[in-house]
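So the structure is just underneath, and the comments pick up after that.
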Amino acid sequence: MGEHRRPDDSSRSRTAEGHEDRTDTLFGLEDLRSGPIRSPAGSPGSPVGPLFRDSPAARRLLSVREIHAEPAAAASPRGQEIIARFPRARIIDVDSHWRIPQLHGNAGNLERWVRIKSEVLVLGEKKTLATRPNGRSADWIAAGPANGCAMACAYCYVPRRKGYANPITVFTNIEAIIAHLARHVARQGPKQEANQCDPKAWVYDIGENSDCSVDALISGNVADLVNAFAHWPTAKASFATKFVNPDLLLLDPRGRTRIRFSVMPPQDSRLLDLRTSPVQERIAAAADFLEAGYEVHFNLSPVVVRPGWEADWGLLLEHMDDVLPRAVKDQAAAEVITLTHNRDLHELNLAWHPRAEDVLWRPDLQQAKRSENGSWNVRYRTSEKAEAVGSLQRLIAAHAPWLRVRYAF
Ligand code: SF4
C-alpha cells in the first residue's frame, strides 16, 4: 500500500487550516453532466442552485477522509473525479477492493463502523460484469455502480460478504458496466409478456448491493445509469432506497427509472434504520420524484412482526393515503418483504444494539436455513409469514386500496 497522487487541479485552494478546499463547481454541475441536467422546474439547461451533496446534511452522512483505491481505479476518469471531490482525503493504494483487512470484518462497535462508513471510500474496478435473472422485484439483477452503504440498518444483508463495518466501494469502470448492460438489454429485445416486474419493460435492479441515492452523493455513476436507461426503450432501471437525495431530481429519467422508497412504521425505522432519511421524508419526496420523471413505487419492508405491528402499519398506510397526491397513487405499486435476519448479525447486534434484537430475533416465530455461503439465515416460519402477509394485504385494502401489491415475499 502507498500514497497515491491526486489529479493536478489548478482550481484547488487552501483553507486556513492548510487543507485543500474547493469552492468551485467541481462536484457541482460538472459531475452530473454525464447525465442530463435540468432545473427542478424542468427547463433543460437552466442554472441550478447548490447541490444537496455539498450541504451539511450530506457531509454528515459522508465526510470522506481516506480513499483506498486500486491504482487503475484511481487513475480512471471517474476515480479522478471522486478523488477531486474529496480534496482532504488521503489516498491509499490497495491491491484489491475485496481485500482490505483493516476495513472489512465485524470487529468493533457501531461507533467505529459509522466512522468507517462515513469517512472511508474504496475505489475499485468491477472485474466480473454479470447480470443475473431475478423475477421477483426485477427481471434482472444488474451489475451495480457500487457495493456497501453509508447507512447502518440493523437487519442489512448488503455487507454480508465484506463484514458489517465495510464502507462504500465505488466501481469506477462505469462505462464498462453500461456497455455490458446495453448488450444485455439489446439481447433481450422487446418484452413479450407482462409479468409482476413490469407490464412492458425489462426491469434491471441496479442497487442490489448499495443504496443508489447515497451513491449519487459520491459520483456520477448513478446519473450515468439513469441517463443510459432513459435511452433504452425496452428496459427500466429500478432501485430501492431509504435516503432522499434531491440531486436526483435534476436528472431526466424519462420514466425509465423506478425508485422504490422503502417504508416501515416510523417507530420501527427509528429503532432499526440507522442513518437513513426519516420515513415521512421518503413519503413526502414521492411527488417530486414522480414530477421529475421517475416511476415511484414503495417497498413495504422489512415487515417486522412485534407486538402492535399491525396497528402501526395501519397508521403508516393511512398516512400515505392522506399525504400522497393522486398522481403518485395512480402509478404506485408495492413490494411487501418480510424480515430476513441472520444468526451472525444477531450475535453482532447484541453487542452494540441489543434493543434492535428484541424485535428482530424471534425464535418463537422464526426458522433458520443455511444459506449458500454457509451462514444461517432466519425467516418467519411459513405459517407465520403467510399470516403476516395476509394481515398486511388486508391493511392495504382497508387504508390504501390504490396500492397494488406487485409481490409479497
Ligand atoms: S439503506 Fe439498505 S443498504 Fe444501506 S444499510 Fe440500510 S438496508 Fe443496508
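What follows is calculated from the coordinates using simple rules that are stated; it is not laboratory data. These numbers were taken from a predicted model, which means no experiment stands behind them. FYI the Cβ positions are ideal-geometry reconstructions off the backbone, even for glycines, and counts take in every protein chain you see.
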Plugging the Cβ-Cβ distance of residue 175 and residue 132 into 1/(1 + (r/R0)^6) at R0 = 22 Å yields, to the nearest 0.05, a FRET efficiency of 0.55
Between the range 248-279 and the range 329-368, the Cα center-to-center distance that results, in Å
18
Sites residue 102 and residue 373, calculated FRET efficiency, Cβ-Cβ separation with R0 35 Å, nearest 0.05:
0.95
Counting DSSP beta bridges with both partners in the chain, what percentage is antiparallel, nearest 5?
35
Which whole-number percent gives the relative contact order of the range 13-408, counting Cα pairs below 8 Å spaced six or more residues apart?
14
Per-residue ellipticity at 222 nm attributable to helices in the chain (runs of n ≥ 4 DSSP H, -39500 (n - 2.57) apiece, nearest 500 deg cm²/dmol) works out to -9500 deg cm²/dmol
So between residue 393 and residue 192, what do we pick up on full extension, going 0.36 nm a residue minus the alpha carbon distance?
69.4 nm
Given R₀ = 41 Å, FRET efficiency for residue 72-residue 111 by Cβ-Cβ distance, to 0.05?
0.80
Average projection area in nm² (convex hull over Cα atoms of the chain, one quarter of hull surface)
19.9
Hull volume in cubic angstrom per residue (convex hull over the Cα atoms of the range 313-375):
151
In nm², the average projected area of the convex hull spanned by the Cα atoms of the range 240-326 is 5.6
Length gained, residue 157-residue 323, 0.36 nm per residue minus C-alpha separation, equals 56.7 nm
Residues with amide H under 5 Å of residue 404's amide H, sequence separation 5 or more or different chain, H placed in the peptide plane at 1.01 Å from N; which?
334
Which of the peptides 297-306, 221-230, 267-276 is most tightly packed, and how do the rest follow, judged by the mean count of other Cβ atoms within 10 Å per residue?
221-230, 297-306, 267-276
In vacuo Debye sum over C-alpha of the range 254-409, base-10 log of normalised intensity I(q)/I(0) at q = 0.17 Å⁻¹, listed in q order, is -1.02
At q = 0.12, 0.15, 0.17, 0.22 Å⁻¹, the log10 of I(q)/I(0) for the range 62-201 from a Debye sum over equal Cα scatterers comes to -0.57, -0.81, -0.96, -1.28
